[in-house]
Amino acid sequence: MAWLWVAVVIASGPMCCFSFNLDVENPAVFSGPEGSYFGFSVDFFKTANNQKSDVLIGAPRANSTGSPSSSVVERGAVYSCPWGSSAACQQLQFDVTGATTTLLH
């Protein structure tokens, strides 16, 4: 059976893989609301003029600060955290009106 595995690896030919490494000696540590699953998704963001880099961090169970009167609980949130800075993460505002329904005629 091992010969089958070797045959599959050889037949697949050289593979190309791209990855990135984070600095493990000087890590950037961000924190968010407890119980919000802060860090569930992470992405890098750079402005068009390359002047600023941020880390965008998702927290799918966070209570958004956009609309205190909203009936939606744990609508989730996305935070922008400055890369290479000690400044605090800021919640990005997307929908401040809450749940809405649009009727099409």
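The values are calculated or read from the model by the stated rules, or taken from the named source; none is laboratory data. As the structure is a prediction and not an experimental result, all values here were calculated from the model. All Cβ positions, even for glycine, are placed from backbone atoms using ideal geometry, and neighbour counts span all protein chains on display.
Taking region 32-59 as the range and being more than 17 Å from Gly84 (Cβ to Cβ) and either in contact with a strand residue (DSSP E or B) (Cβ under 8 Å, 6 or more places away or on another chain) or free of Cβ contacts under 8 Å to residues at least 12 places away in the same chain (or both) as the test, the residues that pass are Gly32, Pro33, Glu34, Ser36, Tyr37, Phe38, Gly39, Phe40, Ser41, Ala48, Gly58, Ala59.
Tell me, which residue of region 10-67 that is surrounded by 10 or more Cβ atoms within 10 Å (Cβ to Cβ) and aliphatic (A, V, I, L, M) is modelled with the lowest pLDDT?
Pass one, region 10-67, residues surrounded by 10 or more Cβ atoms within 10 Å (Cβ to Cβ): 28, 30-33, 35-46, 52-67.
Then drop every residue that is not aliphatic (A, V, I, L, M), which leaves 28, 42, 55-57, 59, 62.
Details: Ala28: 82, Val42: 91, Val55: 91, Leu56: 92, Ile57: 93, Ala59: 93, Ala62: 88.
Ranking the qualifying residues of region 10-67, first place goes to Ala28.
For region 68-83, enumerate the residues that are surrounded by fewer than 10 Cβ atoms within 10 Å (Cβ to Cβ) and either small (Gly, Ala, Ser) or modelled with pLDDT of 90 or more (or both).
In the first step, residues of region 68-83 are kept if they are surrounded by fewer than 10 Cβ atoms within 10 Å (Cβ to Cβ); the result is 68-69, 71, 73.
Scanning region 68-83 gives Ser69, Ser71.
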